[in-house]
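The values are calculated or read from the model by the stated rules, or taken from the named source; none is laboratory data. No experiment lies behind these values; they were computed from the predicted model shown. We place every Cβ from the backbone using ideal geometry, glycine too, and count neighbours over all the protein chains shown.
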Amino acid sequence: MNVNLEINPMKGLGELNFGISTEEVVQIMGEPEEVEEMEPESEIRTLIWHYWSNGISLFFDEENDLKLTSIEVDNNMVTLWGQMIFNLKEKEIIELFKSKGFKEIDIEEQEWGEKRISFDDAMVDLYYEEGELNSINYGVFINDFEIAVWPN
């Protein structure tokens, strides 16, 4: 796998654009190392493709015809707006998002000890453990009618 590791909020990761099919993902990333199937309380089936050695997990919802809807990364080589985000301090990341016009911030301490910083207008959640950025989970923009707005 030689994928561009630039996070594009509401769009994807490098060439992995939200809205692509599992077949298109295989062409870019190859076969996943592990496939997990989740059925949350809402009974919408979700497939999760894990690329553990690359620190990337891809989520496909049945509700959206198993298109790529969100990505979780814990690879410290990813960039966001040209910045090595895992090398930035929490305050620097918040300022970076604000400088790009994202202002809907929500900070919450999770029961299990992680701290979550969410930028709801960017559809991005950042998870911290012991003050260090641990993972980033982000997805396609969902409008007020709860419909995915796919990137062009």
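Of note:
- Test result for residue 63, farther than 30 Å from residue 21 by Cα, out of contact with any Asp or Glu (no Cβ under 9 Å at 6 or more places or on another chain) and not hydroxyl-bearing (Ser, Thr, Tyr): no
- Only residues that are free of Cβ contacts under 8 Å to residues at least 24 places away in the same chain and over 17 Å from residue 132 (Cα atoms) were counted in the stretch 66-80, giving 0.
- Scanning the stretch 120-152 for residues that are in contact (Cβ under 8 Å) with a residue 24 or more places away in the chain, under 18 Å from residue 74 (Cα atoms), in a strand (DSSP E or B) and not small (Gly, Ala, Ser) returns 124, 126, 128, 133, 134, 136, 137, 138.
- Residues in the stretch 76-88 that are within 17 Å of the chain's Cα centre (by Cα) and in a helix (DSSP H, G or I): 2 in all.
- If you check 76, 87 for being touching a Phe, Trp or Tyr at 6+ places or on another chain (Cβ under 9 Å) and over 18 Å from residue 12 (Cβ atoms), only one passes: 76.
- Residue 72, sole failed condition from (1) within 16 Å of residue 148 (Cβ to Cβ); (2) charged (D, E, K, R); (3) buried (at least 18 other Cβ atoms within 10 Å of the Cβ): (1)
- Of everything in the stretch 81-93 that is within 14 Å of residue 132 (Cα to Cα) and without any contact (Cβ under 8 Å) to a residue 40 or more places away in the chain, the residue that is surrounded by the fewest Cβ atoms within 10 Å (Cβ to Cβ) is 91.
- Selection from the stretch 89-119 of residues that are assigned to a loop (DSSP other than H, G, I, E, B) and either aromatic (Phe, Trp, Tyr) or modelled with pLDDT of 95 or more (or both): 100, 101, 102, 112
- Qualifying residue in the stretch 19-28 (condition: closer than 26 Å to residue 122 by Cβ and within 14 Å of the chain's Cα centre (by Cα)): yes
- Where strands (runs of 3 or more DSSP E) fall wholly inside the stretch 3-62, the ranges with 3 or more residues that are crowded, with 17+ Cβ neighbours inside 10 Å and either in contact (Cβ under 8 Å) with a residue 12 or more places away in the chain or not hydrophobic (A, V, I, L, M, F, W, C) (or both) are 46-51, 56-61.
- Criterion violated by residue 61 - all others in (1) more than 17 Å from the chain's Cα centre (by Cα); (2) over 22 Å from residue 134 (Cα atoms) satisfied: (1)
- Condition met for residue 66 (aliphatic (A, V, I, L, M), surrounded by 14 or more Cβ atoms within 10 Å (Cβ to Cβ) and farther than 20 Å from residue 6 by Cα): yes
- When we screen 108, 129 for residues that are within 24 Å of residue 48 (Cβ to Cβ) and surrounded by 12 or more Cβ atoms within 10 Å (Cβ to Cβ), the only hit is 129.
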